[in-house]
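None of the figures in this text is laboratory data; all of them are computed from the coordinates on show. Worth saying up front: this structure is predicted, and the values here are computed from it rather than measured. Because the Cβ atoms are built from the backbone with ideal geometry, glycine has one as well, and the counts that use them run over all protein chains shown.
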Amino acid sequence: MIGEYLKALRLENKLSQRALAEKSGVSNAEISRIESGERKKPSEEVLRALALVLKVDFNDILEKYGYLYIQPLSRINNSNAPDLKVYNEKCEDKFISIITPRVLKDGFNMSLSKNPVLGNILVTKDNYIWRIRFIPISDYRESLVSHYLVNTYGYLACYDEFNLSKFTIATNNEDTFKKLKSINPVNLNILVSIMLVDLDNNEIIDEYTFEKTPTIDSVY
């Protein structure tokens, strides 16, 4: 039960319900209702306030409560899960070995992310936060790429409030790279780029950065 999950987080942070209420601005009674399961689906504003105090990714809570659902690209229409998993892991290892020198050369810190939807890799420097999402693709399927973009850009629109500076989608497939470049993200106040890597030759082939992400009103 999600209420038990939030209660466990509260206890991990050594907070009483009253202390959590004081720090988050959410009433003690509301916190009690959430933890007991009486409140089935708290508002996003309440969850956001709790997430900040409990030091947990707001998006993880949104997913658990069903506000957001992102299906990883590798799970869509996949009939060879074990083989694909091995392929993905090998490709991701290669990609990490390619991107690491660039990141470190520019003075960034790099770590693997626990939220693969927003990026397998988390890159930071002072207040600059850059997430990189690598998509290993052996066979290009346009419908899957389009599906991924719709979900990911929608997810980013929610995450946009949390000081994300840049988001990069990287792939080893040229057709996918071209497709990703052709779809301009909207309603995002962050820098978005598309990267093409050559896993065989261990190099970054190209990186396309969108000049801006227009609002929906300016698109139609």
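Available extension along the chain between S138 and D206 is 22.6 nm, counting 0.36 nm per residue and deducting the alpha carbon span. Here, region 2-65 is characterised by an Rg to Rh ratio of 0.90, where Rg is the alpha-carbon radius of gyration and Rh the Kirkwood radius. When Lys and Arg each count +1 and Asp and Glu each count -1, what net charge do the other residues less than 14 Å away from N13, Cβ to Cβ, add up to? For residues surrounding N13, the net value is +3.
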